[in-house]
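Presented below is the structure to which this report refers.
The values are calculated or read from the model by the stated rules, or taken from the named source; none is laboratory data. Bear in mind the structure is a predicted one, so any value in this text is a computation, not a measurement. Note that each Cβ is placed from the backbone with ideal geometry, even for glycine, and that neighbours are counted across all protein chains shown. The accessibility values were calculated without ligands, DNA or RNA, using every heavy atom of the protein model including side chains. Shrake-Rupley method; radii C 1.70, N 1.55, O 1.52, S 1.80 Å.
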Amino acid sequence: MQVKSLIVIKICSIFLTSSLTSFVFAQNIDNLQHLDAQDSTVIVTATRDPQWISYRDAYKAMEIFNDYQKPKNYLKPRFVLWPKNTNESNEELRLQIIGKTTNQEVRLENLWGTIPMNKSAYDEGADFRLNRRAGSYRFARVMTIADNPEGVYAEAELRVACNQVLDFFRDKLFERIRFIGKKCSGIKFLYSQKIDEPVLNLREKNQNLSRIKEQEIDSEKGRKIIIYRFSDSHKGADIITTTLPVAIAALIE
């Protein structure tokens with residue numbers, strides 16, 4: 001009788017342990033994602049993407065820029081995200097820096113942002129976390145040209161800005177070889193692909209206005225790019241961004 005009782009107790013214990021394990025596993029699944037019965041959209045908690053640069057390395061890169069002693073008044077280091085699946089919705093996209101004590105929101109505007117300098121997060125080895133599945137978005141650091149809220153850029157200043165970008169990269173030993181024999185050819189104005197027809201105008205010194213039409217489509221990154229090429233005949237002109245770009249970059253060829 002005693003043996004049978006022990007066997008029954010042991011079986012009950014195993015069943016209870018199994019049930020608790022299943023319950024805890026189910027709770028963890030609930031914490032990872034929420035399934036909306038109406039639209040079947042899966043919302044994933046913020047995850048670290050192992051393919052991305054670490055926050056610590058991004059912080060170091062910003063330190064290198066801050067310590068750079070040559071002219072950089074036209075430079076603006078930024079980062080950009082873009083989905084690997086072009087049909088991916090960017091609605092309610094959130095990027096955070098998460099560490100032991102760090103929980104910092106990183107502002108995104110049209111998938112572009114600036115890496116914040118948070119020494120505590122650096123010391124903790126904090127990570128970038130995106131509220132999407134790991135591997136669904138790419139992350140890239142980009143040296144852009146500072147934007148003018150008024151949307152008017154002197155052609156001469158854009159030349160200086162482009163050369164500042166080139167000088168910055170040439171100053172880095174690991175980048176120098178890549179830029180041997182290259183020069184500033186112009187400026188790229190980047191727009192969201194959702195904009196039907198972005199408008200960029202050239203205003204000559206004599207006030208004549210003409211539209212800049214050279215354009216590229218970067219379908220992978222969801223961008224439209226209008227290219228302005230430097231020309232001696234345009235000295236003293238202004239570039240007018242009738243449609244405000246999400247970013248401005250140097251064209252180095």
Tell me which of these PHE168 doesn't satisfy, since it passes every other one: (1) surrounded by fewer than 17 Cβ atoms within 10 Å (Cβ to Cβ); (2) in a helix (DSSP H, G or I); (3) modelled with pLDDT of 95 or more. (1)
Taking segment 209-230 as the search range and keeping residues that are at pLDDT 95 or above and assigned to a loop (DSSP other than H, G, I, E, B), which one is most open to solvent (accessible area, probe 1.4 Å)? GLU214
Residues of segment 173-207 that turn out to be assigned to a helix (DSSP H, G or I) and touching a Lys or Arg at 6+ places or on another chain (Cβ under 6 Å), as a count: 2
If we ask which residues in segment 128-152 are open to solvent by 20 Å² or more (accessible area, probe 1.4 Å) and outside any loop (DSSP other than H, G, I, E, B), their number turns out to be 8
Taking into account only those residues within segment 84-110 that are open to solvent by less than 80 Å² (accessible area, probe 1.4 Å), within 18 Å of ARG133 (Cβ to Cβ) and at pLDDT 95 or above, which is farthest from the chain's Cα centre (by Cα)? ILE98
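With the condition kept exactly as written, say whether any residue in segment 232-241 is closer than 24 Å to LEU111 by Cα, hydroxyl-bearing (Ser, Thr, Tyr), modelled with pLDDT of 95 or more and not in a strand (DSSP E or B).
Yes; the residues of segment 232-241 include at least one that is closer than 24 Å to LEU111 by Cα, hydroxyl-bearing (Ser, Thr, Tyr), modelled with pLDDT of 95 or more and not in a strand (DSSP E or B).
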Can you find a residue in segment 174-192 that is without any contact (Cβ under 8 Å) to a residue 60 or more places away in the chain, surrounded by 14 or more Cβ atoms within 10 Å (Cβ to Cβ) and hydroxyl-bearing (Ser, Thr, Tyr)? yes
Going by what's in this entry, would ASN73 be described as part of a loop (DSSP other than H, G, I, E, B) and free of Cβ contacts under 8 Å to residues at least 12 places away in the same chain? no
Sole miss for ARG78 among (1) modelled with pLDDT under 95; (2) in a strand (DSSP E or B) is condition (1)
Can you find a residue in segment 62-77 that is within 15 Å of the chain's Cα centre (by Cα), open to solvent by less than 30 Å² (accessible area, probe 1.4 Å) and closer than 21 Å to TYR191 by Cα? yes
